[in-house]
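Since the structure comes first, as structure tokens, the remarks are kept for the end.
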Amino acid sequence: MKLVKQIPATTPDEIVDIISEKIKTLTSEQRHILATLAMGYAPFVRAQLGAIFENLDIEANELRTTLNGVTTYKLPISNNTLPTKSKWNIV
């Protein structure tokens, strides 16, 4: 997720779709571990994961509390792929 803009031969939208499908297969405990591990990464990664979680109807408040509410994150992800991105200040 950290390198979503730099992965060759794919688009950021495709990456988000793939990650979303993988997250759907995780147990609740594994999702919690994933959110905990994301705390060690940059805020845009946490925002991206939070938007994916929220899009999948997974609790994401733990991630939201670690973000500055006025900071925006520029990620080339479409609204069709991740409709919750604006709630996470992803532009």
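The values are calculated or read from the model by the stated rules, or taken from the named source; none is laboratory data. Source: prediction; values computed, not measured. With ideal geometry, Cβ positions are generated from the backbone for all residues, glycine too; neighbour counts draw on all protein chains shown.
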Of all residues in the range 7-17, how many are more than 11 Å from P76 (Cβ to Cβ) and either of a type in the set (S, T, Y) or over 12 Å from the mean Cα position of the chain (by Cα) (or both)?
5
All but one of (1) touching a helix residue (DSSP H, G or I) at 6+ places or on another chain (Cβ under 6 Å); (2) exposed (fewer than 13 other Cβ atoms within 10 Å of the Cβ) hold for A51; which doesn't?
(2)
Name the single residue that is surrounded by the most Cβ atoms within 10 Å (Cβ to Cβ) among those in the range 71-91 being among the charged types (D, E, K, R) and not in a loop (DSSP other than H, G, I, E, B).
K85
Are any of the residues in the range 53-60 of a type in the set (V, I, T), modelled with pLDDT under 95 and within 13 Å of the chain's Cα centre (by Cα)?
no
With the requirement that a residue be aliphatic (A, V, I, L, M), in contact (Cβ under 8 Å) with a residue 40 or more places away in the chain and surrounded by 15 or more Cβ atoms within 10 Å (Cβ to Cβ), what does the range 6-44 give you?
V16
Could you go through the range 61-70 and let me know if any residue there is assigned to a loop (DSSP other than H, G, I, E, B), touching a residue at least 24 places away in the same chain (Cβ under 8 Å) and touching a strand residue (DSSP E or B) at 6+ places or on another chain (Cβ under 6 Å).
no
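Residue-by-condition table, conditions (1) under 12 Å from the mean Cα position of the chain (by Cα); (2) acidic (D, E); (3) farther than 17 Å from Y73 by Cβ:
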residue	(1), (2), (3)
K22	no, no, yes
E29	no, yes, yes
H32	no, no, yes
A51	yes, no, no
Could you say whether any residue in the range 75-82 is free of Cβ contacts under 8 Å to residues at least 60 places away in the same chain, within 18 Å of I15 (Cα to Cα) and hydroxyl-bearing (S, T, Y)?
no
Only one of T81, T71, T36 is closer than 20 Å to I7 by Cβ, among the β-branched types (V, I, T) and over 10 Å from the mean Cα position of the chain (by Cα). Can you tell me which?
T81
